[in-house]
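What follows draws every value from the coordinates through simple rules; no lab data is involved. No experiment lies behind these values; they were computed from the predicted model shown. Here the Cβ positions follow ideal geometry from the backbone for every residue, glycine too, while neighbour counts run over all protein chains shown.
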Amino acid sequence: MKAWLLREVSDLSKEKQPLRLADVSKPIPGPHEVLIHIRCCGICHTELDEIEGRTPPPVYPVIPGHQVVGVIERNGVQAKRFKEGERVGVAWIFSACGECEYCRGGMENLCMNFRATGRDNHGGYAQFMVIDENFVYPVPHVFSDVEAAPLLCAGAIGYRSLMLAGLSDGQLLGLTGFGSSGHLVLKMACHLYPNSSIYVFARSKQEQDFARELGAVWASDPSESSPEKLHAIIDTTPAWRPVTAALSNLRPGGRLVINAIRKESGDQRALLDLNYRDHLWMEKEVKSVANITRSDVENFLALAASIPIKPQTETYTFDQANTAILELKRGDLRGAKVLVCND
């Protein structure tokens, strides 16, 4: 089968082909696994973190991609959850131990043996993949393949972020960064908290205009102060400066939720600007988002289907994987990017 391989850490300011197309063996499902014929795979900022070495795979080469939509090609001998031909999705959580205190407590995202799709095991930039049937999700019929792909990470992790924000209807929400996850969080928040005003901090005028189109009452650069102090802010950027800016825009008792698997080091010195009185005092909270649970994916897909929430998408043919990665790095965003793996 055809697959895109990540073979090493790359500097995307210099390397224009970080992924290499290769012919690899078609995987065979184990007893509890399913073989998925992949139709498309969402493209996530986490792929940049893998490529640039902030969260590198433990073994090279690896097939990246963790927002996978496809159909069941074949079941392992003991796999019974899905019928062959059924459409399914795969998310960032590839597996967890199932036995530790975190797994038993419904927090498998914190499991020390958490394994990520497309980093710790082969993912969806390919024609086929295998995974344990218990980490696979039915895809609601209301979504096309391309619409469903970003929901499996950008949407589901956005859902977890919004739940961690602890917002009540009528309270004020800020969103810093307005890419794949941010625009889905805004759609969710408008539905769940119809009396809440949403303020968006985004670098480009295109992103600001897009946010206002989707219902934001205000959108401006992350360096700007919001017209009102906010109850919660969700940060989806790879940078540090928006963190300090967000803390200054919180009201007393406000909460900052950082939805990023890693932060880039380019502007880390911005943390030296932290002032206890202005940024941290008055019982402000900082909460990070770590990975994702299966229940996050299941709950979000049900919510998204009931509303419905459909992402704005931009598609790339299978041979354009490197083009999509480089455009994501440049910040060319209006919604979510999706790689079409089988025409």
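Annotations for the structure displayed:
- As a rough footprinting exposure proxy, the listed residues 97, 41 were ranked by other beta carbons within 10 Å of their own, and the order from fewest upward is 97, 41.
- Charge sum, other residues only, whose C-beta stays under 11 Å from residue 243's C-beta, Lys/Arg counted +1 and Asp/Glu -1: -1
- Residue-span extension gain [residue 12 to residue 280] - 0.36 nm each, minus C-alpha spacing: 93.0 nm
- Residues whose amide H comes within less than 5 Å of that of residue 5, counting only those at least five positions distant or on another chain, are 20, 21, 22 (H built at 1.01 Å from N in the peptide plane).
- Among 136, 9, 34, 71, the ranking by other beta carbons within 10 Å of each residue's beta carbon, starting with the fewest, stands as 9, 71, 136, 34.
- Nonlocal amide H pairs with residue 116, under 5 Å, H built at 1.01 Å: 94, 121
- Here is how the number arises for the chain: DSSP H runs of 4 or more residues each give -39500 (n - 2.57), the sum is divided by the residue count, and the result at 222 nm is -6500 deg cm²/dmol.
- Exposed GluC sites (Glu not before Pro) absent - longest run of the chain, DSSP non-H/G/I/E/B, at most 16 other C-beta within 10 Å: 100-223
- The chain: relative contact order in percent, alpha carbon pairs under 8 Å with at least 6 residues between: 19
- Neighbour counts of C-beta atoms inside 10 Å place 276, 60, 316 in the sequence 276, 60, 316, starting with the fewest.
- Residue-by-residue Karplus 3J(HN,Hα) for the range 177-184, coefficients 6.51, -1.76, 1.60, Hz, glycine and proline x: x, 9, x, 4, 6, x, 6, 6
- In this structure, the amide hydrogen of residue 257, modeled 1.01 Å from its nitrogen in the peptide plane, lies closer than 5 angstrom to those of 233, 234, 235, 287, counting only residues at least 5 positions away or on a different chain.
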